[in-house]
Amino acid sequence: TDAGSAADALPADPAPVAPERDLFSKFDALIAEREALLSSGVRDPFGIVMERVLGPTTAVIRGRETILAGTYNYMGMTFDPDVIAAGKAALETFGSGTNGSRMLNGTFRDHVEAEEALKAFYGATSAMVFSTGYQANLGIISTIAGRGEYVILDADSHASIYDGCKMGDAEIVRFRHNSVADLDKRLGRLPTEPGKLVVLEGVYSMMGDLAPLREMVAVSRKHGAMVLVDEAHSMGFFGRHGRGVYEEQGLELGRDVDFVIGTFSKSVGTVGGFCISSHPKFEAMRLACRPYIFTASLPPSVVATAATSIRKLMDAQGKREQLWRNARHLHGSLKALGFRLGTEAADSAIVAVILDTQEQAVAMWQALLEAGLYVNVARPPATPAGLFLLRCSLCAEHTADQLERIVAMFADAGRSVGAIN
Ligand code: PMP
């Protein structure tokens, strides 16, 4: 064939790609920064391996039993016996895999069960399950707002929201984090005619602060915009039914909020993402949304655990109260020790400790890990304002004794790196 003869003509010993055309050159600064950090003798905060998990709040890391205060397992559902039993039963009955896309061959009984559970949980007419929360934002945002339309988003939005904007064809407008006045101003500058989607988060995951959703929604509606709220970090413990910050602030699906995005990877205790809506045409999304159509569906064992967990979260008052007690305990204790925190009060189950530099943050993170505590290091570009954070997230299953130990470890590590006196 022609292709064969062309290949025969190729040199037997091809020249290497010239260094200036090495596609990895653009990562040189990143590689150098990481090498400098690791050469200072610290461990890699982005290379942690959980060797064994002992329960919702403890794991073995490098052979050592460690308290986990840096997971999104807010409601502690990962070891719930009913959730595990549902997953095992589905694994045995349906097998380990899915055959492909939700649209063709990848929808099983438990995908429908999970969507039914979500509809009941949110009092919504539609629920669409995606393979991750990341894909839910990617898919919904890029599909709902098209050419000539607008997406207006908070500057501190999660990467999946930004990526959804990038993937779609709409015009993108950013407003200052949590600034109702800036949102109003920017919406006011846009032409009246085109459709607009305002994207907000209930809890902002880096600092753990809340959006003033009531005011944001009022301004959005004044300018004729639809509203999407990502409630990834609030499901299960904000609002009377645990629907999120929008419910806590007295807003309603349909009337005030058009779409809620969520995830199974946090309070639900497994993996997956979803969008909830009561829009009469919402089901059309299943026919148009590429991150829903062109990827494999979640395995039956995962959606079965999700469905069971969501039903249980509808009646989890005790866990919610415990989670809030834990968040207030840790926030109050770290504040009393003199740490600079992301919020004045315990607004959510995330407590962000602000450090001066990356070196200080990583040194303290390492001191905590060696003492037996795992928290997250968060750094730009994930964090706002170039901040370096040690982020703690609480679980309803953290015991009073664990909290005391967490606080004591923070006191020692904070003093050792000079973050507190
Ligand atoms: N939205 C927000 C606000 C998040 O914090 C996250 C994950 N941290 C996601 C969406 C993505 O969820 P998932 O982990 O299910 O992809």
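The values are calculated or read from the model by the stated rules, or taken from the named source; none is laboratory data. Nothing here was measured: the structure is a model prediction, and the numbers come from that model. Here the Cβ is made from the backbone with ideal geometry for all residues, glycine too, and neighbour counts use every protein chain on show.
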(request) Go through (1) closer than 24 Å to Met409 by Cβ; (2) in contact (Cβ under 8 Å) with a residue 24 or more places away in the chain one by one and return the number of the condition Lys335 breaks. (result) (2)
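Scan the stretch 240-262 and give yes if some residue there is closer than 17 Å to Val303 by Cα, of a type in the set (Gly, Ala, Ser), within 16 Å of the ligand (Cβ to nearest atom) and in the same structural domain as Ser301 (by TED's automatic domain parsing), otherwise no.
Yes, there is a match, as at least one residue in the stretch 240-262 is closer than 17 Å to Val303 by Cα, of a type in the set (Gly, Ala, Ser), within 16 Å of the ligand (Cβ to nearest atom) and in the same structural domain as Ser301 (by TED's automatic domain parsing).
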(message) Please go through the stretch 263-291 and give me each residue that is within 14 Å of the ligand (Cβ to nearest atom) and not hydrophobic (A, V, I, L, M, F, W, C), ordered by number.
(response) Thr263, Ser265, Lys266, Ser267, Gly269, Thr270, Gly272, Gly273, Pro291
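Considering only the stretch 227-324, give the helices (runs of 4 or more DSSP H) lying wholly within it that have at least 3 residues that are over 16 Å from Met128 (Cβ atoms). Give the steps one after another, and end with the answer.
Details: elements: 245-248, 285-288, 290-293, 300-313.
So the answer is 245-248, 300-313.
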(message) Just to verify a result, which residue in the stretch 181-220, among those that are within 16 Å of the ligand (Cβ to nearest atom) and part of a loop (DSSP other than H, G, I, E, B), is nearest to Arg243 (Cα to Cα)?
(response) Gly202
(request) Considering only residues that are part of a loop (DSSP other than H, G, I, E, B) and within 16 Å of Ala211 (Cβ to Cβ), look in the stretch 128-169 and name the one that is nearest to the ligand (Cβ to nearest atom). (result) His158
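Taking the criterion of being in a strand (DSSP E or B), surrounded by 17 or more Cβ atoms within 10 Å (Cβ to Cβ) and in the same structural domain as Ile350 (by TED's automatic domain parsing), would at least one residue in the stretch 114-127 satisfy it?
No, the stretch 114-127 contains no residue that is in a strand (DSSP E or B), surrounded by 17 or more Cβ atoms within 10 Å (Cβ to Cβ) and in the same structural domain as Ile350 (by TED's automatic domain parsing).
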